[in-house]
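The block underneath contains the structure these notes are about, expressed in structure tokens.
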Amino acid sequence: MRTAVAAFDVGGTNSRLRGGRAGEPDCTELKVRTADHPSLGALLTSCLDQAGLRPETVVLAVAGRVPAHGAVQMTNLPHWPVFESAAFAAEHGIRLSVVNDMTATAHGMADLGPDEVRPLTHHDAAFRADELLAVSVGSGVGSALLDGHGVVRTSESGHVAWQPVDEFEAGYLAFLRSGSGGLEGVVTVEESIGGLRGFDRMYDYVCHAAPPAPELHDRVAEARRTGSAVAPLITAAALAGDARAREVVRLFAALFGQYLRGVVLVCLPAGGVVTLTSGVLQAPGVAEFLCGETEFLDRFVSPGACHHDLLAEVPVRLALDPLVGVRGAYRLATRDALREGQQAD
């Protein structure tokens, strides 16, 4: 059976598919490990085959820049060949739109109801706001602004540099620039704390000074051997009281809060609402640990710094739906399909 629409949210670690008929509630969903595929085209084809979908309209949300010519190189998968969207669409007989994954996330965020977000700050404005900023820390780090006119403005904010503010963080920067960290020149926020490699690097830095507990070490070693993410292991260990894991999460929280402060000052100078759409933060108890046991909110507001009064009034929320990205992509695919149908009539 030929279905009307399909949407993909392709991340550095996991990828999701949602497909169905435009305007109908029922849909098919699929989650796969991104690294199990040799290319973006192979991933799309495999997922559609597994789900039994033959869509007419497809929206593809990717972690990476989307040039006007539509040739996409995934940011976190540089070994993948460039994806030629026009050639893929012609080969499969589909209408294909490619958007940045944060564009999809912002559109998905706009659909979240009051029971699908959790306030992380003590104050919270009216649920709807003119300016909505989506910020994600998953395999990569990124942000997108949904303005009062429904227009999404994405950025590559995760690739800006960060500034250490104490000796521990200065040591981390030096570690990243050393042979152990493997980075040179500008060290970005994503390289420092992004889920694909950031948690590995923070873990190695913390354990460079003091050895981890054997149980955590064994779990991390096994995850690395199998190519699994270490971030969930570290956050779970931190919540369970592991000292080294707590240091890692506190380092993550400090750098993340500092990054979030910079993004808000650039994107929400007149105020607005921030929604975090992060798989790292959506694990049970992690957001509460960040807000209650780390410098995350202090670094975000930075009391005494210029414009701390603005930052102190900006509500920060956590999206509870882990599918917000593919949800937004599906919303765009449905919109495109309905528009095509109206034009055909």
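Looking only at segment 297-316, decide whether some residue is in contact with a strand residue (DSSP E or B) (Cβ under 6 Å, 6 or more places away or on another chain), at pLDDT below 95 and open to solvent by 10 Å² or more (accessible area, probe 1.4 Å). The answer is no, given that none of the residues of segment 297-316 is in contact with a strand residue (DSSP E or B) (Cβ under 6 Å, 6 or more places away or on another chain), at pLDDT below 95 and open to solvent by 10 Å² or more (accessible area, probe 1.4 Å). All told, PHE256 falls short of being open to solvent by less than 40 Å² (accessible area, probe 1.4 Å), in contact with a strand residue (DSSP E or B) (Cβ under 9 Å, 6 or more places away or on another chain) and farther than 17 Å from SER302 by Cβ. Scanning segment 66-75 turns up no residue that is open to solvent by 40 Å² or more (accessible area, probe 1.4 Å), at pLDDT 95 or above and over 20 Å from HIS159 (Cα atoms).
Only residues that are in contact with an Asp or Glu (Cβ under 7 Å, 6 or more places away or on another chain) and either part of a loop (DSSP other than H, G, I, E, B) or crowded, with 22+ Cβ neighbours inside 10 Å (or both) were counted in segment 76-102, giving 2.
Conditions tested, residue by residue: (1) in contact with a helix residue (DSSP H, G or I) (Cβ under 7 Å, 6 or more places away or on another chain); (2) of a type in the set (Val, Ile, Thr).
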| residue | (1), (2) |
| --- | --- |
| HIS159 | yes, no |
| GLU167 | no, no |
| ALA221 | no, no |
| VAL230 | yes, yes |
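Checked against the criteria, LEU276 does not count as on the phi < 0 side of the Ramachandran plot and in contact with a Cys (Cβ under 7 Å, 6 or more places away or on another chain). The residue pairs whose first member lies in segment 274-288 and is within 13 Å of GLY325 (Cβ to Cβ) and in contact (Cβ under 8 Å) with a residue 40 or more places away in the chain, whose second member is assigned to a helix (DSSP H, G or I) and of a type in the set (D, E, K, R), and whose beta carbons are closer than 9 Å, counting only pairs six or more residues apart or on different chains, do not exist in this structure.
What about ARG335, is it touching a His at 6+ places or on another chain (Cβ under 6 Å), closer than 25 Å to ASP130 by Cα and open to solvent by 50 Å² or more (accessible area, probe 1.4 Å)? Criteria not met by ARG335. Of the residues examined, THR235 is not one that is over 20 Å from the mean Cα position of the chain (by Cα) and of a type in the set (Ser, Thr, Tyr). Which of the residues spanning segment 247-296 are β-branched (Val, Ile, Thr) and more than 29 Å from ASP130 (Cβ to Cβ)? Answer for segment 247-296, where residues must be β-branched (Val, Ile, Thr) and more than 29 Å from ASP130 (Cβ to Cβ): VAL248, VAL249, VAL286, THR294. Return yes or no: is VAL266 aliphatic (A, V, I, L, M), open to solvent by 50 Å² or more (accessible area, probe 1.4 Å) and touching a residue at least 40 places away in the same chain (Cβ under 8 Å)? Judged against the criteria, VAL266 is a match. Screening the candidates ALA337, ALA329, ALA283 for the property of being touching a Leu at 6+ places or on another chain (Cβ under 8 Å) and under 30 Å from ALA6 (Cα atoms) yields one hit, ALA329. Residues considered: GLU247, GLU340. Of these, the only one that is of a type in the set (D, E, K, R), touching a residue at least 60 places away in the same chain (Cβ under 8 Å) and part of a helix (DSSP H, G or I) is GLU340. Consider ALA63 carefully, then state whether it is farther than 23 Å from GLY12 by Cβ and at pLDDT below 95. No: the conditions fail for ALA63. Of the helices (runs of 4 or more DSSP H) lying entirely inside segment 149-240, those containing at least 2 residues that are buried (at least 21 other Cβ atoms within 10 Å of the Cβ), at negative phi and in contact with a strand residue (DSSP E or B) (Cβ under 7 Å, 6 or more places away or on another chain) are 189-193.
Farther than 18 Å from GLY227 by Cβ, touching a strand residue (DSSP E or B) at 6+ places or on another chain (Cβ under 6 Å) and surrounded by fewer than 19 Cβ atoms within 10 Å (Cβ to Cβ): does that describe ALA51? Here the answer is yes, as ALA51 does meet what is asked.
The values are calculated or read from the model by the stated rules, or taken from the named source; none is laboratory data. Owing to the predicted nature of the structure, the values given are computational and were not obtained by experimental measurement. Neighbour counts are summed over all protein chains in view; Cβ atoms, including those assigned to glycine, are modelled from backbone coordinates with ideal geometry. Calculation scope for accessible area: heavy atoms of the full protein, side chains included, ligands and nucleic acids excluded. Shrake-Rupley method; radii C 1.70, N 1.55, O 1.52, S 1.80 Å.
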